[in-house]
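Structure first, then comments.
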Amino acid sequence: MEQILFLAHTENDGTLPKLALESLAAAKSLESELAGSSLVAGLVGEDIEKAANTIAGCGASRIFGVAGGEYNQSRYSTDILAVEAIARAANATLIVAPATSRWNRVLSGLACRLNGRIDSHVTGMSAAGGSLFIARWYYRQRMEASLQRTHRPWVLLVESGCQEAWKGEPGNAAVETVAVAVSPSHTRTSVKGYRSPAADEQTIRPDAQLLFVTGAGWTKTQPDGQTHTPEAEKIILEFLKRSQASLGGSKSLVDLSGEGQAVLRFMTHLNQVGQTGSTPRHPKGLSTCCHGEEPHAVGWRFINERRAINLNPNCGWAQGKADVLYVADAFDVMRKVNQLLAE
């Protein structure tokens with residue numbers, strides 16, 4: 001019989017991130033598939049009341065909590081104490097947690113302290129014959145494996161976008177406070193503040209409805225025999241500002257900076273999609289000036305609706321990789337789109 005622990009931390013405003021609710025849905029699915037299993041929840045944060053009330057109707061038999069000012073920020077020394085205390089109080093055999101940057105830093109240490117095992121990049125979970133199987137990504141989402149372990153406890157870090165987020169009516173949750181002894185030596189590290197780009201300079205928006213991908217064609221010679229990189233930057237940034245889309249880039253484009261060629265100054269390897277880049281999950285995607293090589297298309301596997309703009313009707317995007325291909329000049333199309341958005 002498995003004791004499934006859903007383990008999450010709160011955001012700065014006391015809410016749970018969307019990924020946590022996706023992980024909760026995965027944990028509930030496991031409970032229904034594994035006969036005799038039970039679900040409990042564990043929350044960590046400065047104030048967990050709002051988060052606990054949010055998941056009050058999730059069906060967890062118990063909700064454990066560690067709260068206090070020491071947990072308002074990501075810090076390994078205090079987080080590891082909190083999650084270990086919750087896991088031991090819950091007698092957890094399976095620990096399902098969102099793969100946030102905070103938990104990615106902490107939960108491997110938890111597995112070590114519990115003499116357990118951990119798997120990250122978990123994209124799916126299923127039960128067959130009373131056994132649990134997980135799907136896990138390797139090599140930047142290029143390979144997927146199915147794994148099974150008999151060793152317990154087993155910590156599972158769930159990737160974003162692989163599960164519908166749990167939805168339920170909030171209620172009044174009864175939280176069992178877990179005592180943790182925190183000494184001054186545990187709080188020597190502190191976060192002084194956050195630095196982030198202005199809203200109109202932000203290019204990576206994981207929750208955006210549209211992924212706008214630029215290719216190396218934006219920096220190449222145009223029909224008039226000249227390059228127009230500054231104009232390309234202006235067009236792309238204006239579109240991102242008006243549409244609030246997220247920006248992606250092909251590997252060929254982000255690699256140009258290392259080759260001494262003209263580049264889009266706001267484009268970094270963090271924007272790279274496919275071919276050792278990210279595998280984003282947006283409802284819609286628009287690819288511009290990309291030659292549509294297979295690795296780049298692999299990076300789009302979870303985009304529901306794919307469109308592309310390319311002057312070449314025989315480009316890779318035309319060979320079944322895009323739902324709609326616009327055979328046109330991306331400069332002309334995006335100028336017109338920006339004009340319509342402005343109106």
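Coordinate-derived values only; no laboratory data. Keep in mind that what you see is a predicted model, and the values were worked out from it rather than measured. As a convention, Cβ positions derive from the backbone with ideal geometry for all residues, glycine included, and neighbour counts pool all protein chains shown.
Observations
- The residues neighbouring residue 127, those whose beta-carbon lies less than 12 Å from its own, together hold a net charge of -3 under the Lys/Arg +1, Asp/Glu -1 convention.
- Whether the range 199-342 is rounded, prolate or oblate, judged on the alpha carbon gyration tensor where a/c under 1.5 counts as rounded: rounded
- Each 5 Å bin from zero up to the one holding the largest Cα-Cα distance in the range 40-138 carries the following percent of pairs: 2, 11, 21, 23, 22, 14, 5, 2, 0.
- Among 57-69, 124-136, 169-181, 36-48, the order from most to least packed when residues are scored by Cβ within 10 Å on average: 36-48, 57-69, 124-136, 169-181
- Taking a Cβ cut-off of under 13 Å around residue 149, the surrounding Lys, Arg, Asp and Glu residues balance to a net charge of +1, with basic ones at +1 and acidic ones at -1.
- 10 Å binning of all Cα-Cα separations within the range 3-187, expressed as whole percents from 0 upward: 10, 41, 37, 11, 1
- Near residue 2, once Lys and Arg are set to +1 and Asp and Glu to -1 for all other residues with Cβ below 9 Å from its Cβ, the sum equals 0.
- Semi-axes of the equivalent ellipsoid for the chain, Cα gyration tensor, largest first, Å: 43, 22, 18
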